[in-house]
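Accompanying notes for the structure given below.
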Amino acid sequence: MSISIRLICILCSGLLLTGCANLSAGNLFSHYSAQNESVYQSVKVGNYQQAVEELPEQIAGDILDNFERGRVFYLDEQYPQSKSSFELSDKAVRIEQDKAIISLSNTASSIGSLATNDNLDIYQPSDYELGFLHLYLGLNYLQKNSIEGALVEMRRANQVQENARKVREKELEAAQEQMKSQGLSPNLGSILANYPDAGKTLQAVQNGYLLYLSALLYEADGNLNDAYVDYRRALAVAPDNIAVFDGARRVARNLGMNQDLVQLEKRYGKGKPIPKGQSRVIFIEEQGIVQARQGWKQTLPIFDSRGGSAWYSIALPYYPTNVTPYPMPLQINGAKVQSSLLADVNLMAKNDLSEKMPSLILRQALRVVAKEQLRREATNGDDVGNLIFNVWNTLTEQPDTRSWQTLPASIYSASQLVAAGKQQVVLDGQSYTFSVKEGQTALVWLSRQGSHATIWHKQLGTL
């Protein structure tokens, strides 16, 4: 057998060790963001139906593929398909979590990825993505009027949030101490929730959207104690959000938490019950689409002691610096809705990549060492073998740009008093009408990308 043929056989055998979990031509010679580009762009401009039609069958495995499918189906108002897709993701996540820390399948996948790129490894979702998985499962239940089902998912999501906070507790406390040393006062929500006040560090690991929605649903279900816990936690993450404060103050008053209420009203002002003849509308508004990871690639030569050389491509993901335009504000009954930031998904995504970067760089170094050893043993100075190896390495070294790319870029919330009865919401020329009874509260949920939006409402009763 010639050296070049032997080299090809060795390279192919490395791929067979992956067990074909994520083995495809796309993952070998491209990366996730490139393969998912058409879906991403369709969602970005609000063409949800087109995005559904462009959904691929298999790119990144059951976890990430079904994250994307569940989200796109939800935006296209195909709620049964959305729920089914998220349930498949949930099942796949639990299967991976139940595996031993080191298993034969994961080890084989890792060996194959060292011969090619990290896209062949089984996708490990980030904490913020797992939180959104349960959040959207909860929204699927809520959309079908099952607060009970939604609260089950909120509890599961909160477990993810708490685990994430505990893992990063020292980092958050260090950020808190730094803020204090700079003369910055802690926010009231952090004090009430016994959270470290770490500014944007806390916002990057805790999802204010999830915490606020959880609190709101607990309150609507009459579980005021759990509602107050999550309102305080949401206030720690989004201390300037008026809707979050309004909920925290409302529940503190109903629970008789007088000491907390004094602190809240001192910081934010006193609230008033819903006036006679009026109602409350709470808005949760998703805007845009989270940035997709892009790939950075650099090819460098490495020489050995025998005078041989090979070209090695180093490929890493990064987030480009983009400015997301703020859309035209919502209007209800002709009045502008004053929204406040609840969660910044771009911040969460960038923080997650920063945390993963050291291990990604280490994997790159290990891959170069493994490939160089493989080249020396297989080619033994053969020019044809070196050429084959260089071409193989250049084509297959791809950055790991996998992440949940159809999530919103940011989430805002608002709480507004309106005259009871029929309501009309207008956004970018799109109109939506509903009614709310006197003294009661309705939730309006919407997600808008481009000039299009998915919108629905639910009655929350008397809060």
**Prompt:** Sorted from fewest to most neighbouring beta carbons within 10 Å, what does the list Ser84, Ser359 look like?
**Reply:** Ser359, Ser84
**Request:** Quick one: which residues, 5 or more positions from Leu460 or on another chain, have an amide H under 5 Å from its amide H? H modelled 1.01 Å from N in the peptide plane, none for Pro or chain starts.
**Result:** Thr441, Ala442, Leu443
**Asked** Measuring from centroid to centroid over Cα atoms, what is the spacing of the stretch 276-298 and the stretch 432-463 in Å?
**Response** 16 Å
**Prompt:** Applying 1/(1 + (r/R0)^6) with R0 = 51 Å to the Cβ-Cβ distance of Ala365 and Tyr79, what FRET efficiency is obtained, to the nearest 0.05?
**Reply:** 0.65
**Message:** Taking the number of other C-beta atoms within 10 Å as the exposure measure, put Met348, Met357, Met154, Met257 in order starting with the fewest.
**Reply:** Met357, Met257, Met348, Met154
**Fill in**
Counting only residues 5 or more apart in sequence or on a different chain, those whose built amide H sits under 5 Å from that of Gln278 are Ala420, Gly439
**Prompt:** Points 7 angstrom from Cα along the Cβ direction at Arg155 and Asp98: gap in nanometres?
**Reply:** 2.0 nm
**Asked** Roughly how many debye, to the nearest 20, is the charge dipole of the stretch 333-376 about its Cα centre, given +1 on each Lys and Arg Cβ, -1 on each Asp and Glu Cβ, and no other charges?
**Response** 380 debye
**Item:** Proximal lysines relative to Lys200, as straight alpha-carbon distance under 17 Å, when same-chain residues fewer than 8 apart are discounted
**Value:** Lys166, Lys170, Lys180, Lys350
**Fill in**
If amide H atoms are modeled at 1.01 Å from N in the peptide plane, then the residues at a separation of 5 or more from Leu342, or on another chain, having amide H under 5 Å from its own are Ile411, Tyr412, Ser413
**Request:** May I ask you to list the aspartates and glutamates whose Cα is less than 13 Å away from that of Lys297, ignoring any residue fewer than eight positions away on the same chain?
**Result:** Glu397, Asp400
**Request:** Just tell me which lysines come within less than 23 Å, Cα to Cα, of Lys144; anything on the same chain fewer than 8 places away is out.
**Result:** Lys83, Lys91, Lys422, Lys437, Lys458
**Request:** Compute the length gained on full extension between Gln278 and Lys144: take 0.36 nm times their separation in residues and subtract their Cα-Cα distance, giving the result in nm to one decimal.
**Result:** 45.6 nm
**Asked** Can you run phi through the Karplus equation (6.51, -1.76, 1.60; θ = phi - 60°) for the stretch 239-253 and list ³J(HN,Hα) in whole Hz, with x for Gly and Pro?
**Response** x, 9, 7, 5, 5, 5, 4, 4, x, 4, 5, 4, 6, 4, 5
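Neighbour counts of other C-beta atoms within 10 Å: give me Trp445, Trp404, Trp456, Trp296 arranged from fewest to most. Spell out each step's value before the answer.
Values: Trp445 18, Trp404 24, Trp456 15, Trp296 10.
Ordered by Cβ neighbours within 10 Å, fewest first: Trp296, Trp456, Trp445, Trp404.
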**Request:** Would you kindly derive the ³J(HN,Hα) couplings of the stretch 155-161 from the backbone phi angles with the Karplus curve 6.51 cos²θ - 1.76 cosθ + 1.60 (θ = phi - 60°), listing them in order in whole Hz, with x for Gly and Pro?
**Result:** 5, 5, 5, 5, 5, 4, 4
**Request:** Find the centroid of the Cα atoms in the stretch 84-98 and in the stretch 404-430, then give the distance between the two in whole Å.
**Result:** 31 Å
**Prompt:** What ³J(HN,Hα) values, in whole Hz, does the Karplus curve 6.51 cos²θ - 1.76 cosθ + 1.60 give for the stretch 440-447 when θ = phi - 60°, with x put for Gly and Pro?
**Reply:** 10, 10, 10, 9, 10, 10, 8, 10
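None of the figures in this text is laboratory data; all of them are computed from the coordinates on show. The model shown is predicted, which means the values in this text are computed figures rather than measured ones. Counting neighbours? That spans all protein chains shown, and the Cβs are built from the backbone with ideal geometry, glycine included.
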